[in-house]
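Enquirer: Pasting in a structure now, in structure tokens, and then I'll have a few things to ask.
What follows draws every value from the coordinates through simple rules; no lab data is involved. Nothing here was measured: the structure is a model prediction, and the numbers come from that model. Neighbour counts run over all protein chains shown; Cβ positions are idealised from the backbone, glycine included.
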Amino acid sequence: MTSKTTVRTIDSVEIQKLFDAGYEIDLIDVRTPAEFREVHAVGAKNIPLDEIDVEQLIAGRKDEAEPLYFICRSDSRGKKTCEAFHSAGCTNVINVAGGTIAWDDLGLPVVRGKKTISLERQVRIAAGLLVVIGVALGWGVHPGFSGIAAFVGAGLAFAGITDSCGMAMILAKMPWNQVTDDGTGVSCST
């Protein structure tokens, strides 16, 4: 029997109170650089989930006794990051409940930049287009092309079950989701 890791959470208002009281908080935003550029909590530092090196991050901290706080868009990636730290033996980690969406909805201080299409929306667009193309080619060219739609459907089911989306990981690496050193980068504007 395996035990499920319980991830500690803090709500956005509570962490803002810590900032306001003058505490130095290690708040790590694990979203893509393009998502971070669009809007992020004041005081957050961006380290995308797929670039986090648990040992390096722990070693580079000023005060190991203080917890690491993780924030993402809503909850999922922050929770995953906390679970990865737990697996590495570091349990002094806390997920910001509701993520940046809740933070912004509560009117807490944020930095706004260039608007981008969210990664979640990009996945829906790409998956939808691939299904339509697969069905059209299967109907008009050769029935074997219907496999494209089946493959995308299986991928979406897998993503839902595992809460890990391969298409999102690929899309996150695309040029329009990258931010250059000057903070601009190429972006799909909405």
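Enquirer: Build a GNM of the chain with springs between Cα atoms under 10 Å: which of Asp105, Asp11, Asp163 gets the top mean-square fluctuation?
Expert: Asp105
Enquirer: Can I ask one more? Quick one: work out the % antiparallel among DSSP beta bridges in the stretch 1-143, nearest 5.
Expert: Within the stretch 1-143, antiparallel bridges account for around 20 percent of the total.
Enquirer: A follow-up question, please. Quick check on the exposure proxy: order Arg77, Arg8, Arg37 from fewest to most C-beta atoms within 10 angstrom. Can you show the working numbers first?
Expert: Working: Arg77 25, Arg8 14, Arg37 22.
Result, fewest neighbours first: Arg8, Arg37, Arg77.
Enquirer: Each label point is 7 Å from the Cα along the Cα-to-Cβ direction; what then is the distance between the points at Ile161 and Glu51, in nm?
Expert: Those two pseudo-labels are separated by 3.2 nm.
Enquirer: A further question follows. Taking every pair of distinct Cα atoms and averaging 1/r, then inverting, what Kirkwood hydrodynamic radius in Å comes out for the chain?
Expert: 18.3
Enquirer: Same structure again: At a Förster distance of 35 Å, what's the computed FRET efficiency of Lys62 paired with Met174, Cβ-Cβ distance as r, to 0.05?
Expert: For R0 = 35 Å, the calculated efficiency reads 0.50.
Enquirer: Divide by every residue of the chain the summed helix terms, -39500 (n - 2.57) for each DSSP H run of at least 4, and state the resulting mean residue ellipticity at 222 nm, rounded to the nearest 500 deg cm²/dmol.
Expert: -13500 deg cm²/dmol
Enquirer: Which distance in nm do the two modelled labels at Arg112 and Arg8 give, with both placed 7 Å along the Cα-to-Cβ direction?
Expert: Reported label-point gap for Arg112 and Arg8 is 3.4 nm.
Enquirer: Please give every one of the lysines within straight-line cross-link reach of Lys114, meaning a C-alpha to C-alpha distance under 27 Å, and leave out same-chain neighbours fewer than 8 residues apart.
Expert: Result set, ordered by chain and number: Lys45, Lys79, Lys80, Lys173.
Enquirer: Which one, Cys72, Cys90, Cys82, has the greatest fluctuation when you compute a Gaussian network model over the chain with C-alpha springs under 10 angstrom?
Expert: Cys90
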